[in-house]
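Asks: Supplied in structure tokens, the structure appears directly below.
The values are calculated or read from the model by the stated rules, or taken from the named source; none is laboratory data. No experiment lies behind these values; they were computed from the predicted model shown. A quick note on method: Cβ atoms are made from the backbone with ideal geometry, for glycine too, and the neighbour counts reach across all protein chains shown. Remember, those area values only see protein heavy atoms, side chains included, never the ligands or the DNA or RNA. Shrake-Rupley method; radii C 1.70, N 1.55, O 1.52, S 1.80 Å.
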Amino acid sequence: MKVEIRQIGFSDYQMDIYHIWKLFYEEVELVYEPADDAELRMTLELADAGVEAEAEVRAYLERPESGAAWSHTERRLLRSGAAEARRRELKRVVGSALLRVLEEASGLEQPWGVLTGVRPTKLMHNMVRKQGRELSVRQLQEEYLLTDEKAKLLADIVERQLQVIPDLFELDREVSLYIGIPFCPTKCAYCTFPAYDIRGNNGSVDSFLDGLHYEIRETGEWLKRTGLTVTTIYWGGGTPTSITAEQIDALFETMHQSIPDMDQVRELTVEAGRPDTITPDKLKVMKKWNVDRISINPQSFTQLTLDKIGRHHTVDETIEKFILSREMGMDNINMDLIIGLPNEGIPEFQHTLDETAKLLPESLTVHTLSFKRASRMTKNRDQYEVAERDEIADMMKMANRFMEENGYHPYYMYRQKNMLGNLENVGYALGDRDSLYNILMMEERQTIIGLGCGAVSKVLYPAVYDAEGNEQQKIERFPNPKEPSVYNQAYKEYFDKKMRLLDDAYGQTVSR
């Protein structure tokens with residue numbers, strides 16, 4: 001769809017306007033100049049009177065095929081204030097007005113209102129710290145246009161996170177580690193994570209492991225110099241359990257020799273996501289090194305679906321490996337489920353929930369399928385038939401009921417671009433089995449040091465505050481190479497750059 005937009009009185013919200021349109025139309029091109037071939041036309045006008053500003057956004061949708069016209073006007077008073085705060089408020093006003101225009105024109109309700117970012121819980125934390133739960137929920141509903149259900153979900157998650165990690169906002173003298181192992185038996189159709197076929201690549205795997213051992217040892221030395229300790233460690237990928245039991249054992253040995261105060265680490269997770277990579281020997285190694293949380297991810301309990309998306313394991317294998325893990329002492333198991341997989345509707349998702357109920361893992365993460373740009377599924381979208389928006393929403397409601405009926409509570413969430421139904425991914429847990437790493441990663445309250453292929457470090461600089469007391473947090477991302485061949489050749493060079501970034505953030509003068 002091609003849309004001609006005439007913009008009067010402001011010019012720096014074009015990307016925000018685009019993201020609002022994308023909530024309603026999968027393919028949209030916005031043109032800010034006359035376009036005779038435009039299917040729709042819109043005028044956005046913002047009048048700023050200065051100290052007490054009135055923002056008026058006036059939108060017109062003209063439908064050439066019918067000659068019908070529809071219009072909507074929204075007015076809000078904006079308080080004077082700091083330039084950045086004023087810019088954010090103007091952005092919200094423009095987005096809110098445009099959202100209401102498109103909701104009325106399309107008949108679609110956007111449950112997340114104008115929030116299009118990955119981490120709405122991060123916004124909620126900041127709001128609750130200033131004004132409490134009740135006012136924050138009301139603000140999300142009235143100003144950001146969230147539904148009651150989504151505003152309450154954010155409030156519940158924020159409340160839970162502070163129960164699980166009471167010192168969430170005091171962890172700047174600790175870090176967490178992410179260990180990226182980029183190999184899988186096969187790559188799933190929806191996946192864009194570093195995941196390379198491990199078969200026939202022994203030389204590449206061995207070289208990669210040399211680099212990972214190096215990064216772990218050197219990171220341990222840096223932690224000792226700075227006096228920083230580690231809160232959580234998460235092995236992801238790829239599928240870490242794609243490598244052998246002996247290779248896993250050697251990595252843990254290096255980790256325990258190198259990382260200070262390993263006995264103080266609050267949580268150690270290994271993403272054993274593919275059931276076809278789990279063996280008794282690997283489970284035995286993980287028990288030996290006190291791994292206290294693993295993931296075994298079915299995604300679906302329908303075999304045709306697994307075959308379609310390229311997961312070369314069986315439903316029975318998922319169940320067998322779950323039972324094996326239980327028998328070998330793993331008492332904190334996570335499972336991932338995906339809503340909206342190809343050829344799945346309500347009956348198939350209900351079957352997945354029914355099978356999950358027989359196992360009741362300690363935590364469940366319910367994802368909504370996202371068409372990620374680089375995935376095989378997105379590149380060949382015409383080959384994958386997925387459910388309609390209303391059916392996706394119904395499946396999310398089914399998941400919510402399942403969680404409530406079985407005693408799970410939501411504890412973290414995030415959103416992605418191009419998610420079916422403009423919904424969300426939510427992690428649920430039983431009792432006190434909330435994943436600490438998932439919370440820390442999403443809320444960005446401490447540095448995450450990424451080691452290994454495809455791992456991304458997120459380095460938090462000390463917080464500063466503006467004139468109104470708002471926290472301004474600088475975060476620098478540093479990605480390691482995604483391809484094993486590049487990582488194997490350049491891991492020392494990348495590691496040195498990463499350490500210089502960490503030294504800068506933590507005020508270190510140690511030269512490298």
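Asks: Using the Cβ atoms and a cut-off under 9 Å, what net charge is assigned to the surroundings of Thr269, where Lys and Arg are +1 and Asp and Glu are -1? Don't jump to the answer; show the numbers that get you there.
Replies: Working: positive: Arg293; negative: Glu267, Glu271, Asp292.
Summing Lys/Arg as +1 and Asp/Glu as -1 gives -2.
Asks: Under a 5 Å amide H to amide H cut-off, with H placed in plane at 1.01 Å, what residues pair with His313 once short-range neighbours are removed?
Replies: For His313, no residues qualify.
Asks: Using the alpha-carbon centroid of each, what span in Å lies between the range 301-364 and the range 409-453?
Replies: 20 Å
Asks: Keeping every protein chain in place, order Lys287, Lys2, Lys458, Lys152 by accessible area at 1.4 Å, biggest value first, i.e. largest first.
Replies: Working: Lys287 85, Lys2 50, Lys458 15, Lys152 110 Å².
Final ranking, largest accessible area leading: Lys152, Lys287, Lys2, Lys458.
Asks: For the ranges 121-134, 24-37, what's the packing order if you count other beta-carbon atoms within 10 Å of each residue, average per peptide, and put the highest first? Kindly include the intermediate steps, with their values, before the conclusion.
Replies: Details: 121-134: 16.5, 24-37: 12.2.
By packing density, highest mean first, the sequence is 121-134, 24-37.
Asks: As a test question: what accessible area, to the nearest 10 Å², does Ser370 have when a 1.4 Å probe is rolled over all protein chains in place?
Replies: My reading of the accessible area for Ser370 is about 10 Å².
Asks: If the cut-off is a Cα-Cα distance under 22 Å, which lysines reach Lys482, setting aside same-chain residues fewer than 8 apart in sequence?
Replies: Result set, ordered by chain and number: Lys187, Lys372, Lys379, Lys417, Lys458, Lys492, Lys497, Lys498.
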